[in-house]
Amino acid sequence: MVSKEADHAEHDSAVGPERKAKLVFFCSERSGRSRRVEGFLAQVLQRRQNHETFDLVRVSVERHPELAARFQVRELPTVCIVEGQRLRKRIVAPRGCRQLEAELAEWLR
């Protein structure tokens, strides 16, 4: 299920459009592993107060298989970071908070 997606970036007349990276979380509604990784992700974002760093988009592969195919998701859960129209990073089946922090370091405060 797609729970949140920004329609338009906010505009600041002095700086131009401000765009956040999208954190696209591909998961299965029936997977305990997906729920665990979602918890790890929430911890990482909360611990470093980064909830506003990303536009978080949760994608259920059962409901949106075409999107999973487009992103070439072969294993669940998979986290993709998208900036603009580019896939910047793919994190396949992260094992815990430390791995997520390390993989997301360039975006985290």
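Only the coordinates and a few stated rules stand behind these numbers; no lab work does. Just so we're clear, the structure is a prediction, and the values are computed from it rather than from any experiment. Glycine gets a Cβ as well: all are built from the backbone with ideal geometry, and neighbour counts include every protein chain shown.
Odds and ends about this structure:
- Selection from region 86-109 of residues that are closer than 18 Å to Leu56 by Cβ and in contact (Cβ under 8 Å) with a residue 40 or more places away in the chain: Arg88, Pro94, Cys97, Leu100, Glu101, Leu104, Trp107, Leu108, Arg109
- Output for region 48-71, where each listed residue is basic (Lys, Arg) and either touching a residue at least 40 places away in the same chain (Cβ under 8 Å) or closer than 11 Å to Leu23 by Cα (or both): Arg48, Arg58, Arg63
- Tally of residues being within 14 Å of the chain's Cα centre (by Cα), in a loop (DSSP other than H, G, I, E, B) and surrounded by 14 or more Cβ atoms within 10 Å (Cβ to Cβ) across region 62-109: 8
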